[in-house]
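Encoded as structure tokens, the structure appears first; notes follow it.
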Amino acid sequence: MWLKNLNAHYLLFGFLASVTIIADRLSNHMLKGTIILQVNLDRVINDIETLATFTATPGNGVTKSSYSHEDKLAKEYLKNEMEKIGLKVWQDEFSTLFGRREGKNPDAPVIMIGSHYDSVVNGGAFDGVAGVVAALEILRVFQENNIENDYPIEIIAMNAEEGETFGPGTGVSNSRALVGTLTEKELDTVKNRHGLTKREAMKAYGLVPDLAKAKREKGSIKNFIELHIEQGPVLDNHQIDVGLVEYLPGIGRYKVKFHGSLEDSTAPMASRKDAMVAASKFVLAVNQIVQSLGTGITGTVGEFEISPNSHQFVPDYVQASVEIRTFDKKDS
């Protein structure tokens with residue numbers, strides 16, 4: 001199996017440590033005592049490996065787009081694994097998969113654990129999936145140790161959290177449906193790379209979305225616990241296995257447009273009004289300014305739209321996409 005190598009096991013140390021911490025904290029809280037829980041490494045590896053096979057790009061990363069054939073295969077696998085440990089399993093009206101382990105007080109708000117299993121194009125095997133597999137493994141361990149939980153626990157497995165399928169600003173769709181901020185307008189306007197709107201893609205997937213029914217009432221969820229890979233290099237650089245998120249960074253996304261004059265590439269350099277040159281100076285300025293603000297902020301110019309986008313012409317139009325993230329509470 002491809003995960004059984006030294007580097008992969010190093011990655012899994014943090015994963016298993018996190019699962020054990022979560023499981024221990026949950027069980028200690030529920031049992032009001034001390035219990036030692038054992039996570040099954042082989043089982044975890046099998047889950048991650050299996051979910052990685054559901055990809056539209058075999059041999060070139062994991063591509064599991066929302067409402068795709070690969071999405072269906074992954075969902076069916078997770079559904080079967082949840083049913084094996086006696087969970088009540090269902091898909092809500094926005095295609096989010098749930099598996100519920102009932103608590104001593106079934107009317108209490110739920111403890112929700114999980115993440116997403118959809119991916120970007122040519123993505124990694126751990127992104128999102130780590131959190132779903134962690135939730136699944138925790139409830140397997142609960143079953144094996146005959147743990148009785150006070151609060152109901154629900155695994156959540158989301159299939160439309162990545163924004164890449166339908167473009168910028170369309171991500172965390174399952175989360176937004178859950179809290180009631182996703183709109184009918186978005187379902188009918190944004191399109192995937194196949195030209196289908198969200199609503200059309202969901203219908204082809206076999207589901208007619210109902211946002212009102214997918215929304216959870218305020219107060220119905222006690223806690224939401226998500227294990228996720230670190231999207232930056234900080235923990236890895238410091239050889240730290242597990243980090244706890246204290247707060248979420250503030251994120252700002254902007255589009256900056258530069259206008260010049262369209263000319264042939266034979267135009268004299270001194271007379272050009274090159275939009276790309278102006279945009280390039282902007283990139284350097286963003287980098288310089290953000291670095292001057294300290295370590296609590298990052299800035300990235302990561303995408304250009306260029307017209308006419310040819311080596312034969314001086315660009316007369318450039319649109320730059322900028323993302324700013326703040327990590328200091330005072331700046332957020």
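Over the chain, the ratio between the Cα radius of gyration and 2.2 N^0.38 Å evaluates to 1.16. Electrostatic bookkeeping for Asn159 treats Lys and Arg as +1 and Asp and Glu as -1; over the other residues with beta carbon under 14 Å from its beta carbon, the sum is -4. Against the longest principal axis of the chain, how steep is helix 275-292, in degrees 0 to 90 to the nearest 10, with axes from Cα atoms? Its long axis makes an angle of about 50 degrees. Roughly how many nanometres apart are two label points built 7 Å out from the Cα toward the Cβ at Arg272 and Ala108? Spacing of the two 7 Å Cα→Cβ label points: 6.8 nm.
Taking Cα pairs under 8 Å and at least six residues apart, what relative contact order does region 250-326 come out at, in percent? Please list the in-between numbers first.
Working: 143 pairs, mean separation 36.9, N = 77.
The value is 48 percent.
Report the full-extension gain for the segment Arg216 to Trp90: residue separation times 0.36 nm, less the Cα-Cα distance, to one decimal in nm. Mind dumping the intermediate values first?
Details: separation 126, 0.36 × 126 = 45.36 nm, distance 1.46 nm.
Contour length minus the Cα-Cα distance gives 43.9 nm.
With angles folded into 0 to 90 degrees, how steeply does helix 6-31 sit against the dominant principal axis of the chain? Use alpha carbons for both and round to 10. Between helix and principal axis, roughly 50 degrees.
Restricting to DSSP H runs of at least four residues, report the calculated mean residue ellipticity at 222 nm for the chain, -39500 (n - 2.57) per run over all residues, nearest 500 deg cm²/dmol. Let's see the in-between values first.
Details: 10 runs with 117 residues, N = 332.
Theoretical 222 nm ellipticity from helices: -11000 deg cm²/dmol.
Distance between the pseudo-spin-label points of Tyr247 and Leu235 (7 Å out from Cα toward the beta carbon): 2.1 nm.
A short reminder: the numbers here are calculations on the coordinates, not readings from a lab. No experiment lies behind these values; they were computed from the predicted model shown. We place every Cβ from the backbone using ideal geometry, glycine too, and count neighbours over all the protein chains shown.
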